[in-house]
């Protein structure tokens, strides 16, 4: 299978990582709907979310909050994992739900996704990403709750 650029996508862990052509629209239903500018935004948000989780954990430990209260770090961890996966998979959940893609250098360069079958594939990808990010965030959240800090 080849992508719109004529290049073969790279398969990692059974999933397809599409290769977007330089300067073109690399939209692939359920697989790729954002370009480099949007990917940078999602990476930055994930780093900020992980920092919030770390600061929150420190505050909870310093305040001698009950161990179960440390579960609060799950929320910023989940947001960070979700954004990290969006950057990693080159796929924005919000854009998928909103039926758009963006491979330009700003929000103004979004393009509509009008194909109903493509939209269904996008929504399936959102569901997978939601599940994956939840499970990935749950692991460190459970660890910080169980650790005797």
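Quick notes on this one:
- Flag for residue 118 being closer than 14 Å to residue 30 by Cβ, surrounded by 15 or more Cβ atoms within 10 Å (Cβ to Cβ) and either touching a residue at least 24 places away in the same chain (Cβ under 8 Å) or under 12 Å from the mean Cα position of the chain (by Cα) (or both): yes
- The selection criterion, being in a helix (DSSP H, G or I) and surrounded by fewer than 18 Cβ atoms within 10 Å (Cβ to Cβ), holds for residue 132.
- Of all residues in the stretch 101-115, those satisfying the criterion of being surrounded by fewer than 13 Cβ atoms within 10 Å (Cβ to Cβ) and part of a helix (DSSP H, G or I) are 107, 108.
- Here the stretch 53-70 is the region considered, the condition is being surrounded by 16 or more Cβ atoms within 10 Å (Cβ to Cβ) and within 26 Å of the chain's Cα centre (by Cα), and the residue that is nearest to residue 110 (Cα to Cα) is 53.
- Among helices (runs of 4 or more DSSP H) entirely within the stretch 15-100, having at least 3 residues that are within 16 Å of residue 137 (Cα to Cα) and modelled with pLDDT of 95 or more singles out 36-62, 74-89.
- A count restricted to the stretch 98-115 and to residues that are within 19 Å of residue 45 (Cα to Cα) and without any contact (Cβ under 8 Å) to a residue 60 or more places away in the chain stands at 1.
The values are calculated or read from the model by the stated rules, or taken from the named source; none is laboratory data. This structure is a prediction, so every number in the text was calculated from the model and none was measured. Cβ sites come from the backbone with ideal geometry, for glycine too, and all protein chains shown count toward neighbours.
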